[in-house]
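Please treat every number below as a calculation from the coordinates, not as lab data. Keep in mind that what you see is a predicted model, and the values were worked out from it rather than measured. Note that each Cβ is placed from the backbone with ideal geometry, even for glycine, and that neighbours are counted across all protein chains shown.
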């Protein structure tokens, strides 16, 4: 009898445990555990930041970049957005100042942007990119050409423009082979971009056997070049190379002509803006500049050029198309990755090519574009045109 009671209790205990297990399994099937339940998909907008000099000396270029990004995002939203979500553009003004750029980068990451288009100035992009990299936010600069932008090996930093070690070399080779000069003067604006570009030109020029007879820097806020021009006249350069931006290049060229300095003028992609010609007027004629290909000659750019003029009632600016392509690439990478997760988006950007207004764009392991970039431009009849022999 005692054995029967023990067996009965054991059987009842087993049945009770089994029933609890069955009930528990039934609940798991209905709702699932928190770890196994499918998380709800985000429905709010995807935020993309835009950081550029929207006020100050470089505002023209900054707003050209902004308008390009605006157009890309408006077109994408009109087609349904990205991953079923609209894109919201969060713009911030870095004023072309490194300290402000760092503050802007923190504002954007605090605002939980998924990606950033920016900055313009290399001196802004370099410190800001450290913040984006720490926050795992992919960033594409439309214009920062200093090698350090990508040479630090940050997974999240990209550019759709070239590098100054390429640009300086192209300029120096052109000076030797096409302009046939032997004596060059080099002037820069003491910024990360301007001095970096000037140094790359100087290094290549000396390697090619050109004689650098003058080298100096002048603050980016300075517009009186008379002392520099007097010093240059004393050493008789055949070419003056300027590493800097259009707002200084214009007055420099005018003062060179006024002083009687008989030398050709060359600069980089920071000078190729209509404001340079507007400021220098006829003195800008036959100035030589390094920059990317002419969008008007790129078939894939035509819809962008027409769409930009229709949207903003003006022709594209120098960096409008690069702002457009930067935003286009970020959105396409999110779609391809199937997520806005920064690491996955960045790795996707490193692994594929993108159909852009300026053609097919791919990135190497550093985040630099893989295609060749720089050509020579010249001012003819008050217009920038690609150089032809």
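The packing ranking of peptides 146-153, 327-334, highest mean first, is 327-334, 146-153, where packing means the average number of other beta carbon atoms within 10 angstrom of each residue.
Answer rounded, prolate or oblate for the chain, using the Cα gyration tensor with square roots of eigenvalues a ≥ b ≥ c: rounded when a/c is under 1.5, else prolate when a/b is larger than b/c, else oblate. Prolate, since a/c reaches 1.5 and a/b exceeds b/c. Report summary: the helix-based calculation at 222 nm, which adds -39500 (n - 2.57) for every DSSP H run with n ≥ 4 and divides by the residues of the chain, gives -15000 deg cm²/dmol.
When you restrict to C-alpha pairs under 8 Å that are six or more residues apart and normalise by the size of the chain, the relative contact order lands at 17 percent.
The angle between the Cα long axis of helix 2-31 and the main principal axis of the chain comes to about 30°, on a 0 to 90 degree scale.
Relative contact order of the stretch 165-291, taken over Cα pairs closer than 8 Å and 6 or more residues apart, is 26 percent.
Using only alpha carbon pairs under 8 Å that are at least six residues apart, calculate the relative contact order of the stretch 160-203 and give it in whole percent.
57
Modelled label positions at residue 347 and residue 110, each set 7 Å beyond Cα in the direction of Cβ, lie 3.1 nm from each other.
Between 0 and 90 degrees, the angle of helix 302-312 with respect to the longest Cα principal axis of the chain falls at about 90 degrees.
What's the angle, to the nearest 10 degrees (0 to 90), between helix 192-207's Cα axis and the longest principal axis of the chain? Rounded to the nearest ten degrees, it is 60. The simple Förster model, with R0 at 35 Å and r as the Cβ-Cβ distance, assigns residue 365 and residue 300 a FRET efficiency of 0.85. Using the Cα gyration tensor of the stretch 165-291, with a ≥ b ≥ c the square roots of its eigenvalues, what is the shape: rounded (a/c below 1.5), prolate (a/b larger than b/c) or oblate (neither)? It comes out rounded by the Cα gyration axes.
Here's the picture: a label point sits 7 Å out from the Cα of residue 378 along the beta-carbon direction, and within the stretch 253-284 the residues with their amide nitrogen under 15 Å of it are 264-267, 284.
When both bridge partners sit in the chain, DSSP labels roughly 30% of those beta bridges antiparallel. DSSP finds beta bridges in the stretch 165-291, and of those with both partners inside it, around 0 percent are antiparallel.
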